[in-house]
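The values are calculated or read from the model by the stated rules, or taken from the named source; none is laboratory data. Not measured: the values here are computed from a predicted model. Cβ coordinates were reconstructed from backbone atoms using ideal geometry, including for glycine residues, and neighbour counts include every protein chain displayed. Protein only, heavy atoms only, side chains kept; ligands, DNA and RNA dropped before computing areas. Shrake-Rupley method; radii C 1.70, N 1.55, O 1.52, S 1.80 Å.
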Amino acid sequence: MDEVERVLLRREAIAKRVQELGAEISESLSGDQPLLAVSILRGAVIFAADLVREIQGMVEMDFMAVSSYGDSSVSSGAVRVLKDLDESIEGRDVLIVEDIIDTGRTLKFLLQNLKARKPRSIQICTLLDKVDRREVEVPVDYVGFRIPDAFVVGYGLHYAGRYRNHPELLVLRAEAVTP
Ligand code: IMP
Ligand code: MG
């Protein structure tokens, strides 16, 4: 059985939106210090790689990994740090770069965790937002696309480790996605 239901977003549409986000973020830069883009492993890596190249100005990158779905497609609710940042963010202007917001639990945890380290500012940029699925409120500053409740893969997002390298965003058939 073919797992893929349909193409949600083609590469041109993604690239155009990433350019627009980069331009918006560029306008918000403080100018006195580099922006620190904190990309959340592993799903946001491809988005982050494209996004930082659309930002005009100094950008540094760091990475953090948190547990979320593992190989399964249902959020457990519990979040923990699997890999922490390499550097301090005290006094820094931080931009969290995430692939997708579903329940909001991952980002809520990340925001609290990073705010406690006293950055000068902290903002969130997500490529995708499944608004209807939100369980906890999170202030999101930049959203690429608001999408319906469906299981999405490609452009960094995976199902059971697969599809991360697919250049488009795809919707998988609900029957194909086992929790
Ligand atoms: P949340 O904590 O429920 O907001 O889940 C956020 C995380 O779940 C994201 O960072 C993704 O890693 C994963 N996730 C949520 N929805 C999808 C999806 O449709 N496809 C792939 N991963 C997803
Ligand atoms: Mg993620």
- Message: Please verify whether Arg117 is open to solvent by 40 Å² or more (accessible area, probe 1.4 Å) and under 24 Å from Leu172 (Cα atoms), treating the condition exactly as stated.
- Response: no
- Note on the structure: Residues in region 20-40 that are open to solvent by 50 Å² or more (accessible area, probe 1.4 Å) and in contact with a Leu (Cβ under 8 Å, 6 or more places away or on another chain) total 0
- Item | Qualifying position, being more than 21 Å from Asp132 (Cα to Cα), within 16 Å of ligand 1 (Cβ to nearest atom) and not β-branched (Val, Ile, Thr), among Ser39, Ser28 | Ser39
- Does any residue in region 39-64 that is within 19 Å of Leu110 (Cα to Cα) come within less than 9 Å, Cβ to Cβ, of a residue that is of a type in the set (D, E, K, R) and away from ligand 1 (no atom under 16 Å from the Cβ) six or more places away or on a different chain, and which pairs are these? Ser39/Asp62; Glu60/Glu87; Glu60/Arg92; Asp62/Asp86; Asp62/Glu87; Phe63/Asp86; Met64/Asp84
- Item | Selection within region 151-176 - open to solvent by 20 Å² or more (accessible area, probe 1.4 Å), more than 14 Å from ligand 2 (Cβ to nearest atom) and either more than 25 Å from Gln19 (Cβ to Cβ) or not in a loop (DSSP other than H, G, I, E, B) (or both) | Ala160, Arg162, Arg173, Ala174, Glu175
- Item | Matching residues in region 25-47 - criterion: being under 16 Å from Glu87 (Cβ atoms) and more than 10 Å from ligand 2 (Cβ to nearest atom) | Gln33, Pro34, Leu35, Leu36, Ala37, Val38
